[in-house]
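K.L.:
This is the structure I have questions about; it appears just below.
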Amino acid sequence: MTVVSPPRLLTVPEAAEQLRLSERQVYRLIGDGELRVVDVSRPGSRRSKTRVRSDDLTDYINAKTSDEVSPAVRFGIRGAAPEGQVA
């Protein structure tokens, strides 16, 4: 028998820290449907306890990851291209 542990649940501040975003930006991603959440509050509770599953956070990051190299990475300094090249 294989025991599968449930994914780790992150608070919005923890998810924001992982993404290096503000909590407000994470709530915006949630509201726009880009980041899935779990409400772990008790039935009938007036207060939501929003959590982000760690695997949903990973899925979001993977979906946003590009195979293209950004100019900032390619040229090393915030998109500044070496002389004679366009960023």
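The values are calculated or read from the model by the stated rules, or taken from the named source; none is laboratory data. Not measured: the values here are computed from a predicted model. Backbone-built Cβ (ideal geometry, glycine too); neighbour counts: all protein chains shown.
K.L.:
Would the stretch 63-72 turn up any residue that is at pLDDT below 85, touching a Ser or Thr at 6+ places or on another chain (Cβ under 8 Å), polar (S, T, N, Q) and surrounded by fewer than 12 Cβ atoms within 10 Å (Cβ to Cβ)?
P.N.:
If we filter the stretch 63-72 for residues that are at pLDDT below 85, which is where we start, we get 66-72.
Those left that are additionally touching a Ser or Thr at 6+ places or on another chain (Cβ under 8 Å): none.
The answer is no, given that none of the residues of the stretch 63-72 is at pLDDT below 85, touching a Ser or Thr at 6+ places or on another chain (Cβ under 8 Å), polar (S, T, N, Q) and surrounded by fewer than 12 Cβ atoms within 10 Å (Cβ to Cβ).
K.L.:
Then there's this: Within the stretch 1-20, track down each residue that is out of contact with any helix residue (DSSP H, G or I) (no Cβ under 8 Å at 6 or more places or on another chain), surrounded by 12 or more Cβ atoms within 10 Å (Cβ to Cβ) and without any contact (Cβ under 8 Å) to a residue 40 or more places away in the chain. Steps first, answer last, please.
P.N.:
First pass over the stretch 1-20, keeping only residues out of contact with any helix residue (DSSP H, G or I) (no Cβ under 8 Å at 6 or more places or on another chain): 1-6, 11, 14, 17, 20.
Imposing the further condition that a residue be surrounded by 12 or more Cβ atoms within 10 Å (Cβ to Cβ) reduces the set to 11, 14, 17.
If the condition is that a residue be out of contact with any helix residue (DSSP H, G or I) (no Cβ under 8 Å at 6 or more places or on another chain), surrounded by 12 or more Cβ atoms within 10 Å (Cβ to Cβ) and without any contact (Cβ under 8 Å) to a residue 40 or more places away in the chain, then Glu14, Glu17 are the ones that fit.
K.L.:
Right, here's the next one. How many of the residues making up the stretch 34-54 are charged (D, E, K, R) and at pLDDT below 95?
P.N.:
Let us first name the residues in the stretch 34-54 that are charged (D, E, K, R), namely 34, 36, 39, 42, 46-47, 49, 51, 53.
When the remaining residues are screened for being at pLDDT below 95, the result is 39, 42, 46-47, 49.
Going through the stretch 34-54 one residue at a time, the tally reaches 5.
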